[in-house]
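Encoded as structure tokens, the structure appears first; notes follow it.
The values are calculated or read from the model by the stated rules, or taken from the named source; none is laboratory data. This is a predicted model, so every value here is computed, not measured. Don't worry about glycine lacking a Cβ; one is built from the backbone with ideal geometry, like all the others, and counts go over all protein chains shown.
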Amino acid sequence: MTDIMADPTIPILDIKGVSKSFTVQGRTVEALKGADLTVNRGEFICLLGASGCGKSTLLRIVAGFESATSGEPLMWGKPISGPDPSRGMVFQDYGLFPWLTVRDNISFGPKSRGRPAAEIRDTVSRYVDIVGLQRFADAYPHQLSGGMKQRVAIARVLANEAEVVLMDEPFGALDAMTRERLQDELLDLWSRTGLTVLFVTHAIEEAVFLADRVVVMSPSPGRIDAIHTIDLARRRDVSSPAFNDVRRMLSGQLHSHHARAAA
Amino acid sequence: MSAAPLAETSPAAAAVAPPAGPRRLRWRIGSPREPLLALAIPVLLAVVWHFMTAGKTYSLIPPPSEVWTALVDLAVGGINDDAFSATLLTHLGASLSRVFGGFALAVITALPIGLLIGRVPLMRQLLDPMFQILRPVPVTAWLPLAMILFGLGPRSAYFLVFLGAFYPILVNTIFGVRSVEPRLFEAASMLGCKGSSQFARVVLPAALPSIFTGLRLGLGFAWVVIVVGEMTGVQTGLGAIIMEARQLSRTEIVICGMVVIGIAGFLSDRIVMLIGRRLLAWSPSHG
């Protein structure tokens, strides 16, 4: 959201040949091999693949939680060296601070960055409104449903002026109805704010519904296989023939990897 | 619920009941039941005690009635008019100051040391083995050394009480810090809270439930070691009169001291528990 940084000639994220391997009981496992991905400001990218394809590893490297074994992840052309408020993470298990109320969870980031108290108050009440939690602003996380917790987690990174929102299967633990509602709310937020979203999922339909581009990944070693631009008009109709065509194509691609891996 | 009378479960009754209604109702109706149950076995034991000791000339243990008389005399005087009469408040005050003083000293040392051992590997390597070896040494064993190091009198008493309270707080703080979900550190650091500022904003609050368990245990141990702590040549204190009464074969005063320590320990634990409940309102297992 800091527009000074937004040089249109530089991609917001530039992942250059990033690999990650680690050693488990003397054996080296390649979690991610030579991943290349360029993300422009305002794009909605889904990383799609089965477990073990390195999609979460890639997300965690971009977050700065893990460092790449080789290759270079860049943000606005500068190397990512650790976690930073400009890249907010939304975890599948929420990661909310259980001792803080909804309001205080959202103000945690702005407080950490030493924003003035009056500004924090305004920001927090704005984001409490945006995610529709006015009645629960003073509730503790254990009093909330899964969907409400994830709204808090999203509000928390947005209130902290994140430019890139990294989401690691954020709706995976929610029931189908809540998941669909949150997908709609997320798209609505995204289209209004110009956020850049990197969204990890193993659900094909979710990826096709949300993404500008779907990055298809496959396991052993974890790698990027293909990047598909989804040209369907928004709001996408999941029951339309065009939507189904894309879904079938991606499904075929994912399964061919399984067949190959099994062979 | 199935055993509740029909009127209580009817929609009309439920509609007028305030949210806290059922709980308050249960409190009011259930209130005599719980204290009665809690008192049943002590009363039974007192009755057995009475019949085994009352009227026996050569009993070394005084009957309950004699202990009660001694307790009243100890509290307000006017019965025996000896060295013990009307001294209870002085002794209780002295012991309270040692228990809470030693406990406070244990809190302000064990808490930061525990946070460091739990969170900083170097500190763990430096300090943890030493404390592991010191921890099993009984407070009683420290008595002679304490008196050499701190002299006869209250300073040794404070030290021994401190020692009794220190390890439970330390061990539970370390445990609390080590079991903070790693996810919370990731969340804090991506929100801009990094390095040592995580101590106050993540480690301490996340470890608080476990720290409170340590505080309750620590305060309990402070009371447990008060008699040893007051074997250091102090003149006042519940431990001191127990030792003095023992030398004078005044067993009824010894039992009075035991009773008062028990009640004071129970009440101070209640206070810590109430504070804990307020601070831990966020925790589903406390609140």
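Summary of computed values
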| item | result |
| --- | --- |
| Every pair of residues 6+ apart whose Cβ atoms lie under 8 Å, when the first sits in region A:234-263 and is at pLDDT below 90 while the second is of a type in the set (D, E, K, R) | A:257/A:225 |
| Hits in region B:173-218 - residues which are buried (at least 16 other Cβ atoms within 10 Å of the Cβ), in a loop (DSSP other than H, G, I, E, B) and at the interface with chain A (Cβ under 10 Å from one of its Cβ atoms) | B:191, B:192, B:193 |
| Leading residue by the ranking (nearest to the chain's Cα centre (by Cα)) among those in region B:89-103 that are of a type in the set (A, V, I, L, M) and surrounded by 15 or more Cβ atoms within 10 Å (Cβ to Cβ) | B:99 |
| Condition met for residue A:162 (among the aliphatic types (A, V, I, L, M), touching a residue at least 60 places away in the same chain (Cβ under 8 Å) and in contact with a Ser or Thr (Cβ under 7 Å, 6 or more places away or on another chain)) | yes |
| Extreme residue, surrounded by the most Cβ atoms within 10 Å (Cβ to Cβ), among residues of region A:211-251 that are among the hydroxyl-bearing types (Ser, Thr, Tyr) and more than 25 Å from residue A:188 (Cβ to Cβ) | A:218 |
| Residues that are under 19 Å from residue B:86 (Cβ atoms) and assigned to a loop (DSSP other than H, G, I, E, B), drawn from region B:228-287 | B:235, B:236, B:237, B:248, B:250 |
| Hits in region A:88-109 (condition: more than 30 Å from residue B:276 (Cβ to Cβ) and either of a type in the set (Phe, Trp, Tyr) or more than 7 Å from chain B (Cβ to nearest Cβ) (or both)) | A:90, A:92 |
| Residues of region A:110-122 that turn out to be more than 13 Å from every other protein chain (Cβ to nearest Cβ) and within 19 Å of residue A:193 (Cβ to Cβ), as a count | 2 |
| Members of region A:125-144 that are of a type in the set (A, V, I, L, M) and more than 13 Å from every other protein chain (Cβ to nearest Cβ) | A:128, A:130, A:131, A:133, A:137 |
| Residue match in region A:1-17 (condition: more than 12 Å from chain B (Cβ to nearest Cβ) and of a type in the set (Gly, Ala, Ser)) | yes |
| Pairs where the first residue, in region B:259-287, is surrounded by 15 or more Cβ atoms within 10 Å (Cβ to Cβ) and the second is assigned to a helix (DSSP H, G or I) and of a type in the set (Ser, Thr, Tyr), C-beta under 9 Å, 6+ apart | B:260/B:95; B:261/B:95; B:264/B:95; B:276/B:213 |
| Strands (runs of 3 or more DSSP E) contained in region A:6-114 and holding at least 1 residues surrounded by fewer than 19 Cβ atoms within 10 Å (Cβ to Cβ) | A:13-24, A:27-39, A:70-75 |
| Residue within region B:98-117 that is over 25 Å from residue B:223 (Cα atoms) and either modelled with pLDDT under 85 or part of a loop (DSSP other than H, G, I, E, B) (or both) present | no |
| Residues being under 23 Å from residue A:86 (Cβ atoms), of a type outside the set (D, E, K, R) and outside any helix (DSSP H, G or I) - total across region A:115-157 | 2 |
| Single residue of B:163, B:145, B:170 found to be surrounded by fewer than 22 Cβ atoms within 10 Å (Cβ to Cβ) and part of a helix (DSSP H, G or I) | B:145 |
| Residues that are free of Cβ contacts under 8 Å to residues at least 12 places away in the same chain and surrounded by 10 or more Cβ atoms within 10 Å (Cβ to Cβ), drawn from region B:49-68 | B:51, B:52, B:53, B:54, B:56, B:59, B:68 |
